[in-house]
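The values are calculated or read from the model by the stated rules, or taken from the named source; none is laboratory data. Owing to the predicted nature of the structure, the values given are computational and were not obtained by experimental measurement. Methodologically, a virtual Cβ is constructed for each residue, glycine included, from the backbone with ideal geometry; neighbour enumeration extends over all protein chains shown. Only protein heavy atoms, including side chains, enter the accessible area calculation; ligands, DNA and RNA are left aside. Shrake-Rupley method; radii C 1.70, N 1.55, O 1.52, S 1.80 Å.
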Amino acid sequence: MTQSDRAADEADFAPVLTLIRQAQSRALHSVNRELIELYWQIGEHLQHKTEADGWGRGTVTALAAWIAQQQPDSRGFSASNLWRMRQFYETYRQHPKLAPLVRELSWTNNLTIMGRAGSEQEREFYLQAAIRGRWTKRELERQMDGSLYERALLSPAQLSPVLQEQQPAAPGIFKDSYLLDFLNLPQPHSEQDLQRGLVSHLKDFLLELGPDFSFMGEEYRLQVGQQDFFIDLLMYHRRLQALVAFELKITAFSPSMMGQLDFYLEALDRDHRLAHENPSIGVLLCHSADTQVVEYALARSASPALVARYLTELPDKTLLEAKLSEFYALEEGDKPDDH
């Protein structure tokens, strides 16, 4: 068989392999849903017995031993896991909005969220984010360690009005800050250090960005007239169907930075954007940014752009939790008095 014959066979055979993998993925997803449903039903039964017949940990321990005797090949029905099933049901039974979401995640991820999220709102946030991002346990724990919920609530992404109008889904996709602790950047560091680090740890960076981002290139060349210009990093977002240009700045945000980004987006749209794609989006990723300065700079920007910060180490979780408590207190205070 010649090389061209093998190539032709691979072209014909590849769709079959795709079908097999898609079926395997659906089967695994179906098995997981059934497993979570089983755990839910067991938890419901145990909760009922706890309330009606006074079952406690001793009875649950006896139940676990009896299951092991009756079905010695079964796994996952230890006394501690059975008790977690009861807690699982108890946690979500009064929240019909969240109950369908838990069936989309693995038991391990469900336990992580249940054990670490302190409110219904936080649980919903991480359930939806983990589903959308298809996070592994490691990635879920990393995002929770990085206080993603607190950061998202206290500091929503600052987007230009044009971007919000053109892409209504953008506020749920972009962040105000990105945690790049995996880079181990030297202090101080250069923009070149930052760029090289992101490319070297591209998988981690894409996970931090969120689902549907793909990498197009670094130092992406734009030729305008007789001059060459280079975008630090160029991405593409499948759901938004748009090129996303990242400009990296190791200093605080300055309004003058917007001009360069506007120029790059214009060049992308004129010379690189395909007919079916939406206008290109620009992200200024800065070391720091004054919220009010960013707001003023973006208010009259004619480009679909945003300003975000990068963090090189885990935020102070205690401080963020304190600010979140203040935020909730203000929210409660703003609610109209029923009397």
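Could you check segment 271-288 and list, in sequence order, the residues that are in a strand (DSSP E or B) and closer than 18 Å to GLU165 by Cα? If the condition is that a residue be in a strand (DSSP E or B) and closer than 18 Å to GLU165 by Cα, then ILE281, GLY282, VAL283 are the ones that fit. Somewhere in segment 68-80, is a residue among the acidic types (Asp, Glu), surrounded by 10 or more Cβ atoms within 10 Å (Cβ to Cβ) and under 38 Å from the mean Cα position of the chain (by Cα)? No, segment 68-80 contains no residue that is among the acidic types (Asp, Glu), surrounded by 10 or more Cβ atoms within 10 Å (Cβ to Cβ) and under 38 Å from the mean Cα position of the chain (by Cα). For segment 151-179, residues that are surrounded by fewer than 20 Cβ atoms within 10 Å (Cβ to Cβ) and assigned to a helix (DSSP H, G or I) total 10. Filtering segment 232-255 to residues that are free of Cβ contacts under 8 Å to residues at least 40 places away in the same chain and part of a loop (DSSP other than H, G, I, E, B) leaves ARG238, GLN241, SER254. Among the residues of segment 220-231, those that are in a strand (DSSP E or B), over 17 Å from LEU284 (Cβ atoms) and open to solvent by 60 Å² or more (accessible area, probe 1.4 Å) comprise ARG221, GLN223, GLN227, ASP228. Those helices (runs of 4 or more DSSP H) of segment 55-135 in which at least 2 residues are within 27 Å of SER325 (Cα to Cα), considering only elements entirely within it, cover 79-92, 99-102, 107-116, 120-133. Just one of the listed residues (PHE88, PHE125) is of a type in the set (Phe, Trp, Tyr) and more than 18 Å from the chain's Cα centre (by Cα), and it is PHE88.
Okay, residues lined up against (1) more than 17 Å from GLN192 (Cα to Cα); (2) among the polar types (S, T, N, Q); (3) touching a Ser or Thr at 6+ places or on another chain (Cβ under 7 Å):
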{"site": "HIS237", "(1), (2), (3)": "yes, no, no"}
{"site": "ILE250", "(1), (2), (3)": "no, no, yes"}
{"site": "MET257", "(1), (2), (3)": "yes, no, no"}
{"site": "TYR264", "(1), (2), (3)": "yes, no, no"}
{"site": "ARG273", "(1), (2), (3)": "yes, no, yes"}
{"site": "HIS276", "(1), (2), (3)": "yes, no, no"}
{"site": "ILE281", "(1), (2), (3)": "yes, no, no"}
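Set side by side, the residues THR251, THR318, THR291, THR312 differ, and just one is over 24 Å from the mean Cα position of the chain (by Cα) and either open to solvent by 20 Å² or more (accessible area, probe 1.4 Å) or modelled with pLDDT under 95 (or both), which is THR251. Residues satisfying the criterion are present in segment 208-217 (criterion: among the polar types (S, T, N, Q), under 29 Å from SER147 (Cβ atoms) and either modelled with pLDDT of 95 or more or open to solvent by 70 Å² or more (accessible area, probe 1.4 Å) (or both)).
Based on this model, can you work out whether THR50 counts as at pLDDT below 95, open to solvent by 10 Å² or more (accessible area, probe 1.4 Å), in a helix (DSSP H, G or I) and not aliphatic (A, V, I, L, M)? It is true that THR50 is at pLDDT below 95, open to solvent by 10 Å² or more (accessible area, probe 1.4 Å), in a helix (DSSP H, G or I) and not aliphatic (A, V, I, L, M). Look at (1) open to solvent by less than 40 Å² (accessible area, probe 1.4 Å); (2) closer than 23 Å to GLY282 by Cβ and you find that GLN192 fails only one, number (1).
Of all residues in segment 208-219, those that are under 9 Å from TYR236 (Cβ atoms) have Cβ atoms under 7 Å from Cβ atoms of residues that are among the aromatic types (Phe, Trp, Tyr) and in a strand (DSSP E or B), 6 or more apart or on another chain, in SER214/TYR236; MET216/TYR236.
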